[in-house]
Structures are given as structure tokens and as C-alpha cells.
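Below you'll find the structure, written out as C-alpha cells, and then a few comments.
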Amino acid sequence: MKTVQNFNFKDQKAIIRVDFNVPLDENFNVTDATRIEAAKPTIDKILADGGSVILMSHLGRPKGKEDQYSLRHIVAKTSEILGVNVIFANDCRGDVAQQAAENLKPGQVLLLENLRFYKEEEAGDENFAKELASLGDIYVNDAFGTAHRAHASTTIIAQFFPNHKCFGILLAKEIESLNRVLNNSVKPVTAVLGGSKVSSKITVIENILDKVDHMIIGGGMTFTFIKALGGKIGNSICEDDKQELALEILHLAKQKNVQIHIPVDVVAADAFANNANTQVVDVREIPAGWQGLDAGPKSLENFKEVIMKSKTILWNGPLGVFEMETFAKGTIELGKDIAEATANGAFSLVGGGDSVAAVKQFGLEDQMSYVSTGGGAMLEMLEGKTLPGIAAILN
Ligand code: AMP
């Protein structure tokens with residue numbers, strides 16, 4: 001796997017696909033700069049070598065050139081984080097971009113305007129990719145969040161750099177972390193899968209049954225399994241048409257010697273609301289009119305036992321409706337258990353959307369071995385798919 005560490009960038013112009021799709025407030029201030037900070041190590045390495053950097057990214061989902069999606073809004077923040085005055089080209093192609101790239105001196109950083117101002121980006125247009133490619137000497141992909149898309153700047157562009165393409169430090173770390181969980185893992189390996197629906201996680205579950213020793217299934221998915229097993233789930237969320245699939249998963253797990261752990265008790269509520277009345281009940285005996293919205297204390301104890309003996313832990317999806325304080329306890333406790341196991345030497349990877357949000361919200365981010373930056377991309381890797389953006393560099 002070639003990374004920026006394998007190249008000397010002296011007097012080279014690196015064109016880097018980054019993911020600077022950051023949230024902005026109504027005054028166009030960056031409200032969370034995590035993604036910009038995440039790209040800094042790659043940029044620093046290239047500048048330290050004596051190279052220059054051309055940054056390209058998308059921002060939001062513009063329909064054509066809409067100023068609210070202009071990357072000029074993030075120039076000041078990017079300059080502050082990188083400690084360099086970032087030059088901005090108000091187009092990512094044509095004379096403006098060509099001139100700006102030509103004028104670029106070693107040590108300088110150029111940010112191109114939003115790639116998605118052109119529909120050719122998402123269409124994976126070859127000519128557009130060629131134009132982008134003409135701006136730089138070496139192509140670096142450091143955008144995990146878009147690695148599952150075959151867009152011009154994430155995938156198609158790579159063919160124009162047969163020997164001069166590589167992964168950035170961030171993307172390499174994402175790949176390595178996932179490898180540490182799925183391929184080179186230290187046993188016992190435990191996957192915690194939560195979230196709302198079985199249907200959105202089914203391919204992930206099927207793929208990782210071959211890789212793990214334990215699987216904790218929590219969140220809203222629980223109730224499809226419990227109902228399939230004959231339990232009473234009251235008003236809890238359930239996908240009736242996935243009950244057979246749930247039983248099949250349990251059967252497959254048995255065949256593959258994977259131990260499945262499902263909540264035995266839940267915090268049930270009489271409404272989907274933070275101020276609802278609650279009671280802890282047996283997961284198979286949820287009264288009519290009540291719904292399970294978090295894992296109960298006995299379940300959390302069971303899960304803790306599994307987590308503490310695990311050497312590799314993958315966490316995707318919350319154990320309850322953590323957005324409401326009343327139902328956040330299970331997710332917080334699980335997060336703390338994983339943090340403790342990590343402190344004791346386990347490798348923990350948190351990835352895929354809501355569990356990342358939960359870990360950040362509860363201040364546990366620094367206590368995990370790795371927190372992924374790409375929701376959809378991480379899920380697709382967990383599903384066992386080869387991401388086009390990654391394949392394009394490896395080929
Ligand atoms: P996902 O995007 O599939 O990972 O699902 C995340 C969402 O699942 C979060 O917004 C949680 O609030 C929700 N969730 C977790 N547990 C439950 C539950 N018991 N009932 C309903 N929704 C849940």
C-alpha cells in the first residue's frame with residue numbers, strides 16, 4: 001500500500017482529494033473542523049518535503065454554482081489550522097485553476113473551488129478528471145468519506161498517475177484500522193451492532209460473522225430478533241418482514257461458532273419522548289403500549305463481560321435512542337466499557353455514523369483506538385466491498 005511516506009515531494013505539486021465537507025453555520029463559519037484537522041498530517045508531510053499542495057474537495061450538495069456551497073467560506077479556517085496562507089482558486093477547472101496551479105511555489109497551498117459545482121464530478125467524467133489531473137504531479141487520495149464513490153476526483157483521476165498516486169495518511173489509517181479488525185485481528189474479536197434497523201445492517205452482519213467470535217446485537221434491531229424468537233415486544237420498533245432473516249442469522253452464527261448476545265432486559269417507555277414514563281422489563285415481556293428504547297442494566301452487565309475479555313472490538317450503532325438523555329445510558333455505559341478495554345490493551349474501532357456521533361457527544365473519542373471519519377464508506381468496507389477510491393490507488 002503506497003502512502004505519502006513512500007514519496008519525496010520536493011519540488012512536486014501534490015493534488016490531494018480531501019474531504020472538507022464541513023458543517024457551516026448561517027454566517028458561513030465552520031462549526032466542526034475535524035475533517036480539516038484530519039488532513040493536516042498529509043499536507044504537513046508534503047510541505048515539509050519541499051513540495052506544494054493543491055487541495056480539492058466537495059462541500060454539500062450544490063445544484064450548480066451556488067455561493068452558499070463555495071469553499072471560499074473555509075479558506076480562513078483552513079489557513080489557521082495549517083498555519084499557511086491558503087490561496088483560493090474560484091474555479092476547479094479552466095484557466096483560473098491552471099494559472100493558480102502553475103504559479104504555485106514549494107511550501108504553498110492552493111484550495112480549488114467546490115468540485116461539485118460541476119456535474120462531471122459525481123458522474124465520474126473522464127475529461128473532467130483529466131483536467132484535474134493536469135494540475136498536479138502526484139495524486140494523493142486522503143478522503144475516506146468519499147472513497148466508496150467512483151467520482152472523477154476520487155477514482156477516475158487515478159488512471160492519469162500510473163506511478164505517481166498514493167494514499168494520504170488519514171485514508172491509510174482508516175484502511176489499516178479496518179484491516180486490524182477484519183483481517184489481522186487478535187482474538188477474541190467482538191462486534192457490537194446497534195442502530196435502528198436490521199435491514200440496513202444485514203450485509204454487514206453476514207460479512208462479519210466470518211470474522212468475529214462474539215456479536216452483540218442491540219438498539220432497535222433487538223426487537224426483530226426477540227419477536228422472531230416468540231417474545232412480546234409491545235410497541236417497539238420491528239421489521240416484521242425481517243423476522244425470518246433474523247432467525248437465519250442466529251442459525252448461521254451457531255454454525256460459525258459465533259456467540260450472539262442480545263439484550264435480556266430493556267428500558268421501556270410509554271411514549272417515544274424524553275419525558276415518557278419508563279420501566280425496566282424483561283425484553284420478552286414488554287407490555288402492550290410500551291416500547292424498548294435502551295438496553296437494561298442486566299444486559300449492560302452481560303455486554304461488559306464480553307467487552308472486557310475481547311482483544312479486538314468493532315462498534316457500529318448505538319444501543320438505544322441516545323439522542324434522548326433518558327435512553328442514552330446503555331450507549332454511554334457501552335462506550336465506557338470499550339474505553340476501559342482499550343486502556344487494558346484491546347484494539348477498538350468505532351465506525352459508521354451514529355456511534356461516532358455518540359462517542360463524540362459523550363467525550364469518549366480519545367479513549368478509542370480509532371474513530372472512523374467515513375460513515376457510508378466504513379459500512380461498505382464492513383460489508384466486504386472493495387471501495388473504488390481505494391482500488392484505484394492499489395491498481
Ligand atoms: P442507524 O443509523 O441504523 O445506526 O441507527 C441509529 C439510530 O437508531 C439512532 O438515531 C437511535 O436513536 C436509533 N435507535 C437505537 N435504539 C433504538 C430503539 N430501541 N428504538 C428506536 N430507535 C432506536
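Computed from the coordinates by the stated procedures, all read-outs in this text should not be read as laboratory data. A quick note: this is a predicted structure, and the numbers were derived from the prediction, not measured. No Cβ is skipped: glycine too gets one built from the backbone with ideal geometry, and neighbour counts run over all protein chains shown.
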Against the globular-protein guess of 2.2 N^0.38 Å, express the Cα radius of gyration of region 96-175 as a ratio, rounded to two decimals. 1.09
Among 377, 246, 76, residue whose mean-square fluctuation peaks in a GNM of the chain (springs only between Cα atoms under 10 Å): 76
What percentages, rounded to whole numbers, describe P(r) for the chain computed over all alpha carbon pairs with 20 Å bin width beginning at zero? 27, 49, 23, 1
Need one number: % antiparallel among DSSP beta bridges in the chain, to the nearest 5. 20 percent
Which entries of 63/130; 197/385; 65/130; 201/232; 45/187; 2/197 show an alpha-carbon separation above 29 angstrom in the structure shown? 45/187; 2/197
Length-normalised contact order of region 47-178, Cα under 8 Å, at least 6 apart, in percent, tallies to 24 percent
Of the beta bridges DSSP finds with both residues in region 185-382, what % are antiparallel, to the nearest 5? 30 percent
I need the calculated FRET efficiency for the pair residue 105 and residue 311, taking r as the beta carbon distance and R₀ as 30 Å, to the nearest 0.05. 0.05
Projected onto their principal axes, the Cα atoms of region 185-382 stretch, largest extent first, over whole-Å spans of 43, 37, 30
Rg and Dmax in Å for region 235-337, alpha carbons only: what are they? 14.5, 43
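Taking neighbour Cβ counts within 10 Å as the exposure measure, how do 285, 26 sort from fewest upward? The partial results should precede the final answer.
Numbers: 285 14, 26 6.
Lowest count first: 26, 285.
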For region 133-246, what ratio Rg/Rh do Cα atoms give with a Kirkwood hydrodynamic radius? 1.16
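Once you keep just the Cα pairs under 8 angstrom separated by 6 or more residues, what percentage relative contact order results for the chain?
Values: 866 pairs, mean separation 58.6, N = 395.
Result for the chain is 15 percent.
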Order of 30, 198 from fewest to most other C-beta atoms within 10 Å? 30, 198
What are the radius of gyration and Dmax of region 42-153, computed over its Cα atoms and given in Å? 13.4, 38
Testing the spin-label approximation: label points 7 Å from Cα along Cα→Cβ at residue 229 and residue 274. State their distance in nm. 3.2 nm
Gain upon complete extension [residue 340, residue 199; 0.36 nm per residue less C-alpha separation]: 47.7 nm
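How much of the DSSP beta bridge set in region 4-172 is antiparallel, as a percent to the nearest 5? Write out the running numbers ahead of the final one.
Numbers: 1 of 19 bridges.
Beta bridges within region 4-172, antiparallel portion: roughly 5 percent.
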With each pseudo-label sitting 7 Å past Cα toward Cβ, what's the residue 206-residue 126 distance in nm, one decimal? 3.3 nm
Label model pair residue 8, residue 252: point-to-point distance (7 angstrom along the Cα→beta-carbon line) in nm is 5.0 nm
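Remind me, relative contact order of region 242-395 in percent, using alpha carbon pairs under 8 angstrom and six or more residues apart? Please report the intermediate quantities before stating the final value.
Details: 221 pairs, mean separation 24.7, N = 154.
After rounding, I find 16 percent.
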Starting with the fewest neighbours, write out 132, 178 ranked by other beta-carbon atoms found within 10 Å of each beta-carbon. 178, 132
